[in-house]
Amino acid sequence: MSKEQESGDHTLPKPEKAQVVSRLLKQAPPGEFNEAFSDLRMLVDDDTMMCEEVASLCAVHNKDHFTPVKSKKCEVLLTRHNELEENRFLDPQNRVSFKYDHLKRVPSNFQDQPEEDEKGELWRRALQEALKVYVSNHYPEGLCSVFIKDTAVRKIFVACIESHQYKPFSFWNGLWKSEWTFALAPASTSTEVSGTIMVQAHYFEDGNTHLTVIKDVEETLLVTDETQTAQDFAKLVEKAENEIQGGLMEEYQHMNGTYLKSFRRQLPITRTCLDWEKVVMTKIVAARASQ
């Protein structure tokens, strides 16, 4: 029997500890990666290991949550679809690529990116402009990006939408994101659009409540010219996301009168809140008087 076993020391080996840290950080709610990392750093008490893990895990977190990058030279979402190489991303709308520091959240080393497919770029820009109008009308802090992947027989378009509200001082954070994919082949008159909508919310005042909603969407899109197809695509996205929003509001109203109501402390018959500090002080004064 080893000395660690005799002493009852059950400390995990470093590789296993790193796996646990990795799993926990991958579950960090949107906008809370730094806080989760700081808490784990204190618990683990191994700065060397944490520093080895943080850069790659932060990169995964930023790409998974479509982190927006806005500067004078670029305005794009970070995703796996526009990653050219490790920590270098493409902004197709502004035709630049850049390095991104995931820890400092700063873009740098901008380089011009030449246009490779003129016809495909016409389609991509039409989709970007139509989707941008929709996003600006529905998400005050939203951003969208459209990317193109060219194959031998068809062009694949991926549209990403992100909008978040991070209010840690009010004890809540929320994220709405969606990803839409479809392919265009020569002479095609329709295409199948696959979409995934995800809503995440975290409320942590005097408790810890998580909400995660994921909805997959499959729709048929008629293909005509660039402008009309792009407008029809934006309407398709709007219809699907409005349905999700409406369903969430209905479910919230139901939960507010059932589940959430049971979580709250019930008010007394007078329907007024008690001044607990006053009650406690009264008991203390009464106890001292009796002595």
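The values are calculated or read from the model by the stated rules, or taken from the named source; none is laboratory data. Note that this is a predicted model, so its numbers are computed, not measured. Areas reflect the complete protein model, heavy atoms only, side chains present, ligands, DNA and RNA absent. Shrake-Rupley method; radii C 1.70, N 1.55, O 1.52, S 1.80 Å.
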What is the helix-to-structure angle for 118-138, meaning the angle in degrees between its Cα long axis and the longest Cα principal axis of the chain, kept from 0 to 90 and rounded to the nearest 10? 40 degrees
In whole Å, what are the Cα extents of the stretch 78-117 along the three principal axes, biggest one first? 33, 19, 15
Keeping every protein chain present and rolling a 1.4 Å probe, give me the accessible area per residue for the chain in Å². 64 Å²
Note down the Stokes-Einstein diffusion coefficient of the stretch 140-205 in µm²/s, whole number, using a Kirkwood radius over alpha carbon pairs, 20 °C, and 1.002 mPa s. 153 µm²/s
Could you list, in their original order, any pairs among Lys72/Lys167; Lys119/Lys235; Lys132/Lys239; Lys73/Lys99; Lys63/Lys177; Lys70/Lys215 whose Cα atoms are separated by more than 18 Å? Lys72/Lys167; Lys119/Lys235; Lys70/Lys215
Roughly how much of Phe171 is accessible, in Å² to the nearest 10, using a 1.4 Å probe? 80 Å²
Angle between the Cα long axis of helix 47-64 and the longest principal axis of the chain, 0 to 90 degrees, nearest 10? 50 degrees
Carbon plus sulfur fraction of accessible area for the chain, probe 1.4 Å, in percent: 53 percent
Ratio of Rg to Rh for the stretch 95-226, alpha carbon only, Kirkwood? 1.04
Rounded to the nearest 500, what is the chain's calculated 222 nm mean residue ellipticity when only DSSP H runs of at least 4 contribute -39500 (n - 2.57) each, over all residues? -13500 deg cm²/dmol
Remind me, what semi-axes does the stretch 1-117 give for its equivalent ellipsoid, largest first in whole Å, using sqrt of 5 times each Cα gyration tensor eigenvalue? 38, 13, 11
Kindly give the semi-axes, whole Å and largest first, of the ellipsoid equivalent to the chain, taking each as the square root of 5 times a Cα gyration tensor eigenvalue. 45, 30, 17
For the chain, take the longest principal axis of its alpha carbons; what is the angle in degrees between that and the long axis of helix 14-26, to the nearest 10 within 0 to 90? 80 degrees
